[in-house]
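What follows is calculated from the coordinates using simple rules that are stated; it is not laboratory data. Not measured: the values here are computed from a predicted model. No Cβ is skipped: glycine too gets one built from the backbone with ideal geometry, and neighbour counts run over all protein chains shown.
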Amino acid sequence: MPVTPKARTRAWMMALMVLTGTFVAAIPMSVMPALFKEIADDLGLSLVQVGTIWGFGSFAGIFVSILAGVLADRFGTRRVIVIFCLLTGLTGALRGLAGSFVVLMAAVLVNGAVRLIVPVAVTKNIGLWFRGGRLGLAMGLGAMGMGLGLMLGPLLGASVLSPWLGGWRNVMYFLGGLSVIVALAWWFFAKDAPGHEPVPGGTGVPVRRAIGELVRVRGIWVVGLTLLFRAGAFMGLTGYVPLYLRDFLHWDATPADGTLSAFYAVSTLCVVPLAFLSDRLRSRRAVMLPALVVGFVGLMIFPSANGALVWVLMIACGMFMDSFMSLTTTLVAEIDGIKPEYFGTALGFVFTLGQVGSVAAPPLGNLLADINGGAPFYFWGAMGLISLVILAVFPIRRTPAENPAPAVEAVV
């Protein structure tokens with residue numbers, strides 16, 4: 001089949017959206033844990049202060065996710081992505097100028113606030129460019145970009161980038177520069193999705209009416225609450241596992257941290273095949289429900305696991321990590337009652353609920369560690385069960401399926 005100009009444009013836009021997820025939305029955040037030892041030694045930070053800095057970047061998402069969707073709906077995705085990629089680069093570089101805990105915390109908070117606008121706008125853009133029979137695969141490719149960044153940040157931060165560039169501050173400047181380059185690529189080379197060019201003056205979507213319509217759509221609450229409990233359970237798992245393996249099971253640091261690397265690596269490898277499978281099955285829940293079952297069972301078994309079984313559980317749970325998120329965003333695009341022009345606001349609503357779970361679940365679970373080292377897993381397992389029940393019991397009406405486009409036209 002010949003590759004048409006339209007297909008080439010889609011291929012370029014897909015590549016640009018994947019790169020944006022990797023270098024703007026993911027690596028500037030995921031590189032921080034690898035550099036925390038160097039940062040703490042330089043600024044004299046305690047473990048509590050390090051934890052506070054780490055949490056503040058995600059905390060901002062509770063407040064900006066809906067704003068991100070509103071901005072994308074009102075002003076157009078390309079315009080929003082350009083501005084906030086640029087701001088992500090500038091505020092990310094500012095982290096390298098910090099000379100104290102307070103200044104670094106403020107810089108991380110501001111950077112998190114502008115950075116978390118980007119994935120919402122990019123996800124909406126994928127939905128506009130690839131509506132139809134290959135939407136799940138396109139969302140999977142976008143999630144793969146995020147997963148690749150989550151994996152590369154901790155892998156390269158302390159061992160490659162810091163020695164090469166001469167310290168953590170220069171890493172911040174370097175990553176900030178990459179975000180600015182991505183912003184320029186969007187400004188000079190990207191295009192708006194056909195039929196979705198921004199309205200002059202940014203008056204295309206009445207915000208109050210959009211939110212008023214969305215909150216009456218039951219499907220968005222089903223997806224949002226499912227994500228709240230699912231995201232909370234897995235944020236708790238990924239933050240606690242290395243500590244649990246070292247302190248309670250007395251593993252060495254390298255294999256304890258290696259389980260988390262394996263979790264993210266298998267997640268990145270599986271996201272596209274599972275998204276493609278959901279397209280073939282014409283059902284998102286056919287993949288999402290088994291993912292929730294595996295997550296629930298894995299969390300409940302984890303307190304009694306050791307040795308090879310720990311690796312098996314982390315790999316099994318990791319298989320569905322990024323794919324579940326990509327299918328969540330795909331499902332939002334397909335919910336009956338959500339107009340395409342409101343898709344960004346709908347995503348922001350769902351992401352906000354997910355951020356609430358991500359922020360609340362880890363400390364609540366960790367409180368139980370004083371009772372027993374394995375107790376937090378049971379708490380997060382219960383959250384996983386709630387998400388499974390919500391998605392399994394409550395129906396979601398989807399819009400009538402569009403005719404699937406040929407593979408080259410749809411994604412490439």
Highest mean packing first, using Cβ neighbours within 10 angstrom, the peptides 388-395, 139-146 sort as 139-146, 388-395
For the chain, the dipole about the Cα centre with charges only on Cβ (Lys and Arg +1, Asp and Glu -1), to the nearest 20 debye, works out at 1220 debye
Expected sort for 289-296, 267-274 on mean C-beta neighbours within 10 Å, highest first, is 267-274, 289-296
If L156, L327, L309 are placed from fewest to most neighbouring beta carbons inside 10 Å, the sequence is L309, L156, L327
Once normalised by the length of segment 205-399, the mean sequence separation of its alpha carbon contacts under 8 Å that are 6 or more apart gives a contact order in percent of 44 percent
Between the residues S326, P376, A316, the Cα farthest towards the positive end of the dipole of segment 205-399, that dipole coming from +1 and -1 charges on the beta-carbon of Lys, Arg, Asp and Glu, is from S326
Per the Cα gyration tensor, segment 228-267 corresponds to an equivalent ellipsoid with semi-axes, largest first in Å, of 20, 13, 5
Residue-normalised 222 nm signal for the chain, counting each DSSP H run of n ≥ 4 as -39,500 (n - 2.57), nearest 500 deg cm²/dmol, is -25000 deg cm²/dmol
For K6, counting only lysines whose alpha-carbon sits under 18 Å away and dropping same-chain residues fewer than eight positions off, the answer is K191
Surrounding charge for A286, neighbours by C-beta under 12 angstrom, Lys/Arg +1, Asp/Glu -1, total +3
Answer in debye to the nearest 20: the dipole magnitude of segment 205-399 about its Cα centre, from +1 Lys/Arg and -1 Asp/Glu charges placed on Cβ, is 860 debye
Rounded to whole angstroms and listed largest first, the alpha-carbon spread of segment 205-399 along its three principal axes comes to 55, 35, 27
Most exposed to least, judged by fewest other Cβ atoms within 10 Å, L364, L353 sort to L364, L353
Dividing the mean separation of Cα pairs under 8 Å (6+ apart) by the residue count of the chain yields a relative contact order in percent of 29 percent
Note: segment 1-192, point scatterers on Cα, Debye, no solvent; log10 I/I(0) at q = 0.10 Å⁻¹ equals -0.41
Exposure proxy check on D247, D370: fewest-to-most Cβ neighbours within 10 Å is D370, D247
Measuring from its Cα centre, segment 1-120 shows a charge dipole (+1 at each Lys and Arg Cβ, -1 at each Asp and Glu Cβ) which, in debye to the nearest 20, is 680 debye
Answer check: the chain, Cα atoms, Kirkwood Rh, Rg/Rh ratio of 0.96
Mean Cβ-within-10 Å packing, highest first, puts peptides 8-15, 56-63, 99-106, 314-321 in the order 314-321, 56-63, 8-15, 99-106
